[in-house]
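S.K.: I'd like to ask some things about the structure below.
Derivation of every value follows stated rules applied to the coordinates shown; laboratory data play no part. This structure is a prediction, so every number in the text was calculated from the model and none was measured. Here the Cβ positions follow ideal geometry from the backbone for every residue, glycine too, while neighbour counts run over all protein chains shown.
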Amino acid sequence: MKHFIGVAVLVVILTALVGLALNTLGLLPDVASLQGQYIDGLFQVHTWIIAFLFALIVGFMLYSIIVFRRKEGDESDAEHIEGNNALEITWTVVPLITVLSVAVLGANTLSKVTAVDPGAMEVKVIGQQWAWRFEYPEAGVVSDVLYLPKGQQALLEMESMDVLHSFWVPEFRVKQDLMPGSTTELRITPTEIGDYTVRCAEVCGLQHTYMLADVKVVSEGDFNTWLSAEAAIADDPVARGQKVYESYGCKACHTLDGSPLVGPSFLDSFGRTVELADGTTVLADADYFYNSIINPTSQIVAGFPPAMPQNFADQLSDQQIKDVIDFIMSLSDK
Ligand SMILES: [Cu+2]
């Protein structure tokens, strides 16, 4: 009996130490969603079960090694024990109940994490090698940053354009694969305003590591302001084109004020006669601009190096190219 009390004290102390150590390690980033809170609750239970099991095994082992060490000169055999029904029943029934309870707890958590809020806001998530796109169908907005209002459930309807990807924001805890040819769902109710990152959690090719996107959780007011500003842009080809100009690096080489930079300024560039490096001239119309973007080395403007990136045909959709041309054309009064 004395030994059992000794071991029990050791196990309790070890459990507390291991449990506290695991909790202070900071294994997870701060949780930022309602679903994540349920998952963290379950994780806590598991942490303590793990700490207890560790302490139970290691505690008994340490105690036995130290207390039942063979004494100097003791050559006798240990006592032989042939089965113990009570013990065997206990170590079958206790783990059975434990595992079943964990299963019930897990199922319970799963149902909370997937609980449907009828007022959820729908966002389409499109994954492709190697970028994320987010669509807000009700507002007709497309964005490469995932904006979410705090406190409202977002229903993410996810699709892949090519291979398997996986949507994962560690602070939200939940994770879901995207599959070509079918739609998968994920529900997230953000609880903390802040900036996060979606990272693809399914190896999807060469640039998999860089398949990241920004997530911004904002107040409901800020969200609505952003959404209506984006919706206004979405309706206006020139505004869309300006966004392409700003977010695809064009502005690093093309100014809007008439001064040449690495490339010619876009101000009043439409409708002029362009002198090309090969001595010919061409009218700067929409076709010329299109060709300059898609196939930049074919018509080099005289006096400029052939420095224009050659991969915009892959980076930009046809619509984006049309939009940016509309934007360039809007900068001339011709
Ligand atoms: Cu991916």
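S.K.: Can you list the chymotrypsin sites (Phe, Trp or Tyr not before Pro) in region 59-97 that are in a DSSP coil and have 14 or fewer other beta carbons within 10 angstrom?
M.R.: PHE68
S.K.: Compute the Kirkwood hydrodynamic radius of region 146-209, taking the inverse of the mean of 1/r over all pairs of distinct Cα atoms, and give it in Å to one decimal.
M.R.: Taking the inverse mean of 1/r over all distinct Cα pairs, region 146-209 comes out at 12.5 Å.
S.K.: At what distance in angstrom do the alpha carbon centres of region 84-125 and region 140-171 lie from each other?
M.R.: What the calculation gives is 27 Å, centre to centre.
S.K.: Could you tally the net charge around GLN152, taking each other residue with its Cβ under 12 Å from the Cβ of GLN152, Lys/Arg +1 and Asp/Glu -1?
M.R.: Summing Lys and Arg as +1 and Asp and Glu as -1 gives -1.
S.K.: Give me ARG199, ARG70, ARG173 ranked fewest to most by other Cβ atoms within 10 Å of their Cβ, as a rough exposure proxy.
M.R.: ARG70, ARG199, ARG173
S.K.: Continuing with this model, one more query. Listed here are the pairs LYS124/LYS243; LYS112/LYS243; LYS150/LYS251; LYS216/LYS243; which of them are more than 30 Å apart at the Cα?
M.R.: With Cα atoms farther than 30 Å apart: LYS112/LYS243; LYS150/LYS251.
S.K.: At 25 °C and a viscosity of 0.890 mPa s, what translational diffusion coefficient does Stokes-Einstein give for region 121-234, taking Rh as the Kirkwood radius over Cα pairs? Give it in µm²/s as a whole number.
M.R.: Result for D is 174 µm²/s.
S.K.: Could you identify which residue out of GLU202, GLU75, GLU159 has the top mean-square fluctuation in a GNM of the chain using Cα springs shorter than 10 Å?
M.R.: So, out of GLU202, GLU75, GLU159, the one fluctuating most is GLU75.
S.K.: Another question, then. Quick one: Cα convex hull volume of the chain, Å³ per residue?
M.R.: With only Cα atoms used, the chain gives 230 Å³ per residue.
S.K.: For ASP195 and ILE89, what does the FRET efficiency come to when R0 = 41 Å and r is the distance between their Cβ atoms, rounded to the nearest 0.05?
M.R.: 0.15
S.K.: Okay, next question. Can you list residues whose amide H is under 5 Å from MET121's amide H, if they're 5+ apart or on another chain and H is modeled 1.01 Å from N?
M.R.: GLN153, ALA154, LEU155
S.K.: What distance in nm separates the simple spin-label points at THR297 and PHE60, each placed 7 Å from Cα in the Cβ direction?
M.R.: Calculated label separation equals 7.3 nm.
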